[in-house]
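One structure is given here, and the rest of the page talks about it.
The values are calculated or read from the model by the stated rules, or taken from the named source; none is laboratory data. Owing to the predicted nature of the structure, the values given are computational and were not obtained by experimental measurement. Cβ coordinates were reconstructed from backbone atoms using ideal geometry, including for glycine residues, and neighbour counts include every protein chain displayed. Surface accessibility is based on the protein's heavy atoms, side chains included, excluding ligands, DNA and RNA. Shrake-Rupley method; radii C 1.70, N 1.55, O 1.52, S 1.80 Å.
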Amino acid sequence: SMWVDTDDCTFWYTQEYYPVHSAVRWHTRIGAFKFPSCTLGPRGRLQGTVRDAATGLPLPGVTVATGANTTQTDSAGDFQFTALPVGFFDMTVSEYGYVGQTVTGVLITDVGAQTQDFALTPLAPATVQGIVTQGSGHTWPLYVRLALSAPGYSQTVFTDPATGAYTVNLFQGITYTSSVSAVGDGYASAPWVVTPLAGNVVQNFDLDVDLAACVAPGHQ
């Protein structure tokens with residue numbers, strides 16, 4: 001195991017080893033090193049709370065970045081950086097379902113802790129729905145999976161096997177990518193990219209049969 005000490009320069013390393021071949025009686029060695037170019041100047045602390053701008057409630061799990069340092073808010077919506085170099089920093093805060101924020105020129109000093117709070121505005125919801133059918137002649141409804149993903153979001157949605165219909169609740173202004181693939185064999189998958197800009201979006205799909213496999217029902 002190796003980790004960095006609180007001075008942000010010293011690497012500590014520990015390792016079990018055998019001085020001679022043996023099934024037991026291993027030894028433990030601990031070492032430390034740091035690069036000569038790593039020098040520390042004054043350090044300061046930065047803390048704050050991230051809340052929902054609509055409700056005022058704290059937001060846990062929000063990503064907070066300042067320079068090369070990244071952390072997440074705790075269950076109370078609080079975050080803290082304990083050893084930042086003195087100077088000016090830009091901060092970004094991001095969370096799925098909210099409008100991200102950036103603050104520039106946050107001054108870190110070695111006197112006390114600086115506080116920078118955030119209130120994130122929720123994105124408007126969007127309902128995306130549609131029907132997936134067989135696109136090679138029969139127009140049957142298909143039982144398929146839609147594996148949706150976006151930064152900070154991942155969900156798999158299945159259509160109704162009897163109707164081919166699906167409904168998923170997303171957020172406006174976020175670009176989602178997905179692969180629409182049949183649960184059964186014999187059909188080609190289709191890529192899907194959607195950025196909902198209204199409350200409701202209708203997106204239907206037709207999946208063609210896989211002409212190489214030739215195992216789709218109703219075809220030969």
Given 5 Å bins starting at zero, what is the percent of C-alpha pairs of region 1-106 in each, up to the one with the largest pair distance?
2, 9, 15, 15, 13, 11, 9, 8, 6, 5, 3, 2, 0, 0
Gaussian network model of the chain, Cα within-10 Å springs - most flexible of 136, 181, 149
136
Calculate, in nm to one decimal, what residue 47 and residue 69 gain on full extension: separation in residues at 0.36 nm each, minus their alpha carbon distance.
6.6 nm
Take the Cβ-Cβ distance between residue 127 and residue 220 as r, set R0 to 41 Å, and report the resulting FRET efficiency rounded to the nearest 0.05.
0.55
Convex hull volume per residue in cubic angstrom - Cα atoms of region 107-220
137 Å³
Net charge near residue 97 (other residues with Cβ under 15 Å of its Cβ; Lys, Arg +1; Asp, Glu -1) is -1
Using 7 Å Cα-to-Cβ label points, what is the residue 24/residue 83 separation (nm, one decimal)?
4.0 nm
Solvent exposure of region 106-146 as accessible area per residue, Å², 1.4 Å probe:
47 Å²
By accessible area with a 1.4 Å probe, ligands and nucleic acids excluded, highest first: order of 9, 38:
38, 9
Stretch gain in nm, segment residue 3-residue 119, where the contour uses 0.36 nm per residue and the Cα spacing is subtracted
38.4 nm
Given the whole protein assembly as supplied and a 1.4 Å probe, what does the accessible area of residue 51 come to in Å², nearest 10?
100 Å²
Could you state the principal axis extents of the C-alpha atoms in region 103-143, from the largest down, to the nearest angstrom?
73, 18, 17
Relative contact order of the chain (C-alpha contacts under 8 Å, at least 6 apart) in percent is 14 percent
Using a probe of 1.4 angstrom, how much of the accessible area of the chain is carbon and sulfur, in percent?
55 percent
When only Cα pairs under 8 Å and 6 or more residues apart are kept, what is the percent relative contact order across region 71-160?
18 percent
Checked against the structure, the computed percent of Cα pairs over 29 Å apart among (1) 22; (2) 41; (3) 55 is the one labelled (3)
Run the simple label-point estimate for residue 76 and residue 185 please: 7 Å along Cα→C-beta, distance reported in nm.
5.8 nm
